[in-house]
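Notes for the one structure printed next.
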Amino acid sequence: MENQQKTALITGATSGIGKELAKLFARDQYNLIIVARDQHELDSTAEELRQSGVEVTTISKDLSQMDEAKTLCQMVQTPIDALVNDAGQGVYGLFKDNDLERELDIIHLNICATVILTKHFVKQMAARGEGKILNLGSVAGKVPGPWQAVYHATKSFVLSFTTAIREEMKDSGITFTALMPGITDTDFFNKAGMNDSKALQEESVKADPAGVAKDGYEALMAGDDRVISGFKNKMQVNMSNLMPDSAVAHNMYEQQKPVEQEQQQQDQQKDSSQ
């Protein structure tokens, strides 16, 4: 019963990993403040989570808009015991071709909103001498990502940022954890326009978001600095650490390029050998 009055604030909480994390907090009797853009999805998710017997507050905000991220901080008057910065997006394509405003929105959401919310709530936690923060990184943050250059770069920021402030506040009673999933069965790739990616089409089994959330939740509760979800993803990160960044970038370019382009190259190679 000791967690009965604790509260977790979770962004991106209506689908995927964020929703699964919300279920885990609810199971352990954390009251919840869930944040997403779509009020209908928030209401549906809240109704589901309340079946665990916890209080659920919904706040509809587009966190790619900095004013809305700041307003969210001011709206929340309840002390936050656990902050989960889950909301994030990507966009697929070559950097020179992608829409600038879309990429700036991704930077604002993945980086700026994470900084704004963490800055606000970490001050409250520091005053109480306790708290937990989980930031959604990605294995993408450990490797350069052609075809998703901006997204990979934002996740690299999240990992560096989380590690740095963890060290700064190691004696504060606050823990900082980065969750690093790989390809997971969520709507992320559809929203990013990535369904034609070779990597996505060749990935026969996407990770279950419930399993990824469990890895992240357990690491958060244990106070771990980071967790890579999935053995294959651990191997990929370890291998990339042994290779020059230029070689890793080339490999990622080949893995993530459109299937159509891969087929065209194979056809050209076949024609040249005849």
Open item on the list: Only one of Ile10, Ile17 is at pLDDT 95 or above, β-branched (Val, Ile, Thr), within 21 Å of the chain's Cα centre (by Cα) and not in a helix (DSSP H, G or I). Can you tell me which?
Closed with: Ile10
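Test Asp105 against the criterion of being free of Cβ contacts under 8 Å to residues at least 24 places away in the same chain, part of a helix (DSSP H, G or I) and either closer than 28 Å to His152 by Cα or more than 17 Å from the chain's Cα centre (by Cα) (or both), and give yes or no. Let's see the steps before the verdict.
Working: free of Cβ contacts under 8 Å to residues at least 24 places away in the same chain: no; part of a helix (DSSP H, G or I): yes; either closer than 28 Å to His152 by Cα or more than 17 Å from the chain's Cα centre (by Cα) (or both): yes.
In short, no.
Condition first: in a loop (DSSP other than H, G, I, E, B) and either closer than 22 Å to Met239 by Cα or touching a Lys or Arg at 6+ places or on another chain (Cβ under 7 Å) (or both). Now tell me which residues in the stretch 117-141 satisfy that. I'd like the intermediate steps shown before the answer.
Of all residues in the stretch 117-141, those in a loop (DSSP other than H, G, I, E, B) come to 129-130, 137-138.
Scanning the stretch 117-141 gives Gly137, Ser138.
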- [ ] Residues being more than 19 Å from the chain's Cα centre (by Cα), aliphatic (A, V, I, L, M) and buried (at least 16 other Cβ atoms within 10 Å of the Cβ): count how many of those fall in the stretch 73-102.
- [x] 2
Task: Extreme residue, farthest from Cys112 (Cα to Cα), among residues of the stretch 42-75 that are hydroxyl-bearing (Ser, Thr, Tyr) and in contact with a Ser or Thr (Cβ under 9 Å, 6 or more places away or on another chain) - done: Ser44
Task: Hits in the stretch 65-101 (condition: within 30 Å of Asp196 (Cβ to Cβ), touching a residue at least 24 places away in the same chain (Cβ under 8 Å) and assigned to a loop (DSSP other than H, G, I, E, B)) - done: Gln65, Asp86, Ala87, Gly88, Gln89, Gly90, Val91, Tyr92, Gly93, Leu94, Phe95, Asn98
Open item on the list: As an exercise: evaluate Ile133 against (1) in contact with a helix residue (DSSP H, G or I) (Cβ under 8 Å, 6 or more places away or on another chain); (2) closer than 24 Å to Met194 by Cα; (3) crowded, with 19+ Cβ neighbours inside 10 Å; (4) not charged (D, E, K, R) and give the number of the one condition it does not meet.
Closed with: (2)
Open item on the list: What are the pairs with Cβ atoms under 8 angstrom where one residue, in the stretch 28-44, is part of a loop (DSSP other than H, G, I, E, B) and the other, located anywhere, is small (Gly, Ala, Ser) and surrounded by 20 or more Cβ atoms within 10 Å (Cβ to Cβ)? Sequence gap at least six, or different chains.
Closed with: Tyr30/Ala8; Tyr30/Ala82
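Condition check ((1) at negative phi; (2) surrounded by 17 or more Cβ atoms within 10 Å (Cβ to Cβ)) across all residues:
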site: Val158; (1), (2): yes, yes
site: Arg166; (1), (2): yes, yes
site: Ile174; (1), (2): yes, yes
site: Thr177; (1), (2): yes, yes
site: Thr184; (1), (2): yes, yes
site: Gly193; (1), (2): no, no
site: Asp208; (1), (2): yes, no
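In the stretch 45-64, what residues are in a helix (DSSP H, G or I) and surrounded by 18 or more Cβ atoms within 10 Å (Cβ to Cβ)?
The first filter runs over the stretch 45-64 and keeps only residues in a helix (DSSP H, G or I), leaving 45-52.
Scanning the stretch 45-64 gives Thr45, Ala46, Leu49.
Yes or no, residue by residue, for (1) touching a residue at least 40 places away in the same chain (Cβ under 8 Å); (2) closer than 25 Å to Tyr217 by Cβ; (3) in contact with a Gly (Cβ under 7 Å, 6 or more places away or on another chain); (4) among the hydrophobic types (A, V, I, L, M, F, W, C):
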site	(1), (2), (3), (4)
Lys132	yes, yes, no, no
Gly145	yes, no, no, no
Lys155	yes, yes, yes, no
Val158	yes, yes, yes, yes
Task: the stretch 232-261 - residue that is free of Cβ contacts under 8 Å to residues at least 24 places away in the same chain and more than 20 Å from Ala149 (Cβ to Cβ) and, of those, surrounded by the most Cβ atoms within 10 Å (Cβ to Cβ) - done: Lys234
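The values are calculated or read from the model by the stated rules, or taken from the named source; none is laboratory data. Being a predicted model, the structure only gives us computed values, none of them experimental. Every residue, glycine among them, receives a Cβ derived from its backbone with ideal geometry; neighbour counts consider all protein chains shown.
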